[in-house]
Amino acid sequence: MAYSAKALQYASIGAAEQVRLTDRVSYLYLEYAQIVQGRTGVLALQADENGNTRGEVQIPVGSIAVVMLGPGTSITAAAAASLAAAGAVVMFTGGGGVYSYATARPLTTSARWAEAQAYLWASRTHRVAAARVLYQARLGKMPIPVGARLATLRGLEGQMMRAEYRRLAIKHGVKFKRDTLGTDPVNIGLNLGNGILYGVAASVASALSLNPALGVIHQGDARALLYDLADVYKQAVTLPIAFASSKEKDPTAYVRKRVRAVISQRDLLDEMLALTMRMLSPHLSGIAGDVLLDDQGTVEGHTNYATDAGTT
């Protein structure tokens, strides 16, 4: 296909010139559609049972944080490349909220945040301090004992979650036990809602060029950091929506729509990004731009040092 000049111009836009993460729509969910690269952008084609195209919708990839591709979707290589170039995280979903990720190009050209993450992760002392920041955000206004150990904070969080499960179960008149493999509407809704939060966390990590595997509280999983960030918002966002979905005719559609609405109303992308940056800020280096490692520190990058090199 011959692309238009406008489409080719868009493909060359650098990450620094893309729409800021906090100014983007949280996510777009698509199912039973073919995602293709058109002459002027990425299109979603809806087909009937005979494979005939019934309509098409242009996807504003540059202003979306996460694109969720549900059952019955396919995507072309050209469309996937455009989504990655636009900094949009692609999230493949299935029944019951099964999910995985594809990574977009970072929206920062600096390695400072990634280096701060690595510096934090490599120090147990720094990780404990960062874990306290995350637990404080999770526990909200609940008073935290001065100098409380992480085990104490985990226990407080567990008590809070169990109490919330009981309160919501009574409120909505359902019997509930948390089971990620459960087939009841509440467990399915929690899986789906939490999966969306992981997608938001993935977009934050991608925007700052962070490694999702280097978590603070969680470790040992390739999505550890995503769990850390999403856990902060589960009680306030996914729990009430999942329990409310138990009375809906189409629970999963209700969860998708309500979670998206809450993400927008709370400016959750902005909030999660700010939390992540606050956690990493103490570990930012003063290095700006590309430099080279030297015996005593660093030297300027993109420089030919052949005339200064010693000979042996």
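The values are calculated or read from the model by the stated rules, or taken from the named source; none is laboratory data. Values in this document were obtained by computation on a predicted structure and should not be read as measured data. Positions of Cβ are generated from backbone atoms using ideal geometry, with glycine treated the same way; all protein chains shown enter the neighbour counts.
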From the option list 77, 88, 81, single residue qualifying as outside the structural domain of residue 179 (by TED's automatic domain parsing), modelled with pLDDT of 70 or more and crowded, with 21+ Cβ neighbours inside 10 Å is 88
Per the filter on region 255-272, residues surrounded by 20 or more Cβ atoms within 10 Å (Cβ to Cβ) and either farther than 15 Å from residue 198 by Cβ or of a type in the set (Gly, Ala, Ser) (or both) are 258
Checked region 139-172 for anything within 17 Å of residue 238 (Cβ to Cβ), of a type in the set (Lys, Arg) and surrounded by 13 or more Cβ atoms within 10 Å (Cβ to Cβ); matches are 167
Note on region 202-242: residues among the acidic types (Asp, Glu) and closer than 19 Å to residue 271 by Cα are 228, 231
**Request:** Kindly establish whether residue 193 is in contact (Cβ under 8 Å) with a residue 40 or more places away in the chain, assigned to a helix (DSSP H, G or I) and over 24 Å from residue 142 (Cβ atoms).
**Result:** no
When every residue in region 107-166 that is out of contact with any Phe, Trp or Tyr (no Cβ under 8 Å at 6 or more places or on another chain) and of a type in the set (Asp, Glu) is compared, the one nearest to residue 201 (Cα to Cα) is 115
Flagged pairs (Cβ under 7 angstrom, 6 or more apart or on separate chains; first in region 55-72, free of Cβ contacts under 8 Å to residues at least 24 places away in the same chain; second assigned to a loop (DSSP other than H, G, I, E, B) and surrounded by fewer than 22 Cβ atoms within 10 Å (Cβ to Cβ)) are 58/41
Looking across region 255-271 at residues that are among the hydrophobic types (A, V, I, L, M, F, W, C) and touching a Ser or Thr at 6+ places or on another chain (Cβ under 6 Å), the single one that is modelled with the highest pLDDT is 255
By my count, helices (runs of 4 or more DSSP H) wholly in region 68-186 with at least 1 residues that are touching a strand residue (DSSP E or B) at 6+ places or on another chain (Cβ under 9 Å) are 77-85
If you go through 249, 257, the only one that is of a type outside the set (A, V, I, L, M, F, W, C), without any contact (Cβ under 8 Å) to a residue 60 or more places away in the chain and assigned to a loop (DSSP other than H, G, I, E, B) is 249
Scanning region 169-201 for residues that are of a type in the set (Ser, Thr, Tyr) and in contact with a Leu (Cβ under 9 Å, 6 or more places away or on another chain) gives 180, 198
Next on the checklist: One residue is enough: does region 98-105 have a residue meeting the conditions modelled with pLDDT under 90 and either over 25 Å from residue 260 (Cα atoms) or of a type in the set (D, E, K, R) (or both)?
Outcome noted: yes
